[in-house]
């Protein structure tokens, strides 16, 4: 039987007893309905994963670390998804699937046609929400390393990257996926619901980004990144 996995932001050492945060304790007790003595896998988001035993002390849920586990290796291709911020569930879907597909980092960006207006406290709340989506995706897919969530910035700032390969998806591009070498790092730019503007595409190309047409159909913003990441993982990542 597959063991349940939970994320704990803590230092893991042998026989350590770690208290579960209130929301995690509720999930373990009310949703998973795990009893005292149940075994569970815990990971710290930085590549460490342990088999642990669930205990309850004076009503508080805790886990006792038992043995370290072989963590799932990360993809040899480190992809940063530069994702134009989309509405609600579309952005959540794009982030969730990117994590499942092994992305190394996610860079939310504000583009010319981004319709979602976020700033200040509202942006902080959305960033915290997206971080939660990433953690949940890691719990589900078996990753022990939570990808980095970079601060949301203007697209013009995010275009400056030192990745080995840089692609932007554009349905009007004249070429398919091309690169002379096998990259170890890559950046993938996905536009918002209305797509990237011609000026944004020109600015990206001037900085070395290559337009990439992914098939004959126009994909939604939340679908495009998922499809493109699968192609990259199949070609240079861990989709063997």
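Odds and ends about this structure:
- All conditions but one from (1) farther than 24 Å from residue 75 by Cβ; (2) under 23 Å from the mean Cα position of the chain (by Cα) apply to residue 201; the one that does not is (2).
- Residue check for residue 219: in the same structural domain as residue 120 (by TED's automatic domain parsing), under 26 Å from residue 129 (Cβ atoms), in contact with a helix residue (DSSP H, G or I) (Cβ under 9 Å, 6 or more places away or on another chain) and modelled with pLDDT of 95 or more: no
- Residues that are at positive phi, surrounded by fewer than 17 Cβ atoms within 10 Å (Cβ to Cβ) and in the same structural domain as residue 136 (by TED's automatic domain parsing) within the range 54-107 comprise just one, 88.
- Which listed residue is more than 13 Å from residue 189 (Cα to Cα), more than 13 Å from the chain's Cα centre (by Cα) and without any contact (Cβ under 8 Å) to a residue 60 or more places away in the chain, from 152, 119: 119
Residues checked against (1) outside any helix (DSSP H, G or I); (2) surrounded by 14 or more Cβ atoms within 10 Å (Cβ to Cβ):
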site: 133; (1), (2): no, yes
site: 138; (1), (2): no, yes
site: 143; (1), (2): yes, yes
site: 174; (1), (2): yes, no
site: 195; (1), (2): yes, yes
site: 223; (1), (2): no, yes
site: 226; (1), (2): no, yes
site: 231; (1), (2): no, yes
site: 234; (1), (2): no, no
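- If you check 38, 19 for being farther than 20 Å from residue 134 by Cα, crowded, with 16+ Cβ neighbours inside 10 Å and either touching a helix residue (DSSP H, G or I) at 6+ places or on another chain (Cβ under 9 Å) or modelled with pLDDT under 95 (or both), only one passes: 38.
- Any hit, the range 155-163, residues being part of a loop (DSSP other than H, G, I, E, B) and touching a strand residue (DSSP E or B) at 6+ places or on another chain (Cβ under 6 Å): yes
The values are calculated or read from the model by the stated rules, or taken from the named source; none is laboratory data. The structure displayed is predicted, hence computed values, not measured ones. No Cβ is skipped: glycine too gets one built from the backbone with ideal geometry, and neighbour counts run over all protein chains shown.
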